[in-house]
Amino acid sequence: GSVTAFTYGFYRPARANLGTGATGTGIGTGKANTASLVARMGATAYTESSGTPTTSDYAGKVADDYTVTNNGVTYSDWFLPSKDELNAMFENLVKNKAEPLGNFLTATVNEYWSSTEYDVYPYAYVWYQAFSDVNMPGIVVYDAGYQNCYDRRVPTRVRPIRAF
């Protein structure tokens, strides 16, 4: 399931905000993106574009640290989905479903971080996806499936996934 809202985090060695190389957008790139985020940011990420506050609960690390135990087997190979992986989840689990799957629509804020950084200097933005029910007769949902970029400091939900 999804976990509470987290900042994406800033990678800032030598006082300069830098990208981590997590720019893959396609299906199959989320795992490498997450590995790049965690390798660069380590145990903590900066929560602001300047200043010194840090957090160990940034989006990539939360996904990387996520574990689920089912029937005595622990699954710890979770990662933050790429931009396209997140969109595939929306298209296949939520869009136009009589009963959407995955509990994406249960929170008041249904926006989720991807692992994809927006590849423009100074790497201040990251792609997110809005999940809204588009199968509501007579109700126009303007942000259903919408993808855009947020500043890394904006608290947004995290949906760890795994490949199997």
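Points worth noting:
- Of all residues making up segment 149-164, the number that are more than 16 Å from ASN87 (Cα to Cα), among the aliphatic types (A, V, I, L, M) and either buried (at least 18 other Cβ atoms within 10 Å of the Cβ) or in contact with an Asp or Glu (Cβ under 7 Å, 6 or more places away or on another chain) (or both): 0
- Flag if SER82 is among the hydroxyl-bearing types (Ser, Thr, Tyr), in contact (Cβ under 8 Å) with a residue 24 or more places away in the chain and in contact with a Gly (Cβ under 6 Å, 6 or more places away or on another chain): yes
- Residue within segment 101-108 that is farther than 17 Å from ARG152 by Cα, assigned to a helix (DSSP H, G or I) and in contact with a helix residue (DSSP H, G or I) (Cβ under 7 Å, 6 or more places away or on another chain) present: no
- Counting the residues of segment 12-40 that are closer than 18 Å to PRO81 by Cβ, hydrophobic (A, V, I, L, M, F, W, C) and either assigned to a loop (DSSP other than H, G, I, E, B) or open to solvent by less than 30 Å² (accessible area, probe 1.4 Å) (or both) gives 3.
The rows are residues; the columns are (1) within 22 Å of GLY145 (Cβ to Cβ); (2) among the charged types (D, E, K, R); (3) more than 16 Å from the chain's Cα centre (by Cα).
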site: GLY21; (1), (2), (3): no, no, no
site: GLY60; (1), (2), (3): no, no, no
site: THR69; (1), (2), (3): no, no, yes
site: ASP77; (1), (2), (3): no, yes, no
site: LEU80; (1), (2), (3): yes, no, no
site: MET89; (1), (2), (3): yes, no, no
site: VAL94; (1), (2), (3): yes, no, yes
site: TYR112; (1), (2), (3): yes, no, no
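The values are calculated or read from the model by the stated rules, or taken from the named source; none is laboratory data. As the structure is a computational prediction, the values presented were derived from the model and not from experiment. Cβ sites come from the backbone with ideal geometry, for glycine too, and all protein chains shown count toward neighbours. These accessible areas exclude ligands, DNA and RNA; they are computed on the full protein's heavy atoms, side chains included. Shrake-Rupley method; radii C 1.70, N 1.55, O 1.52, S 1.80 Å.
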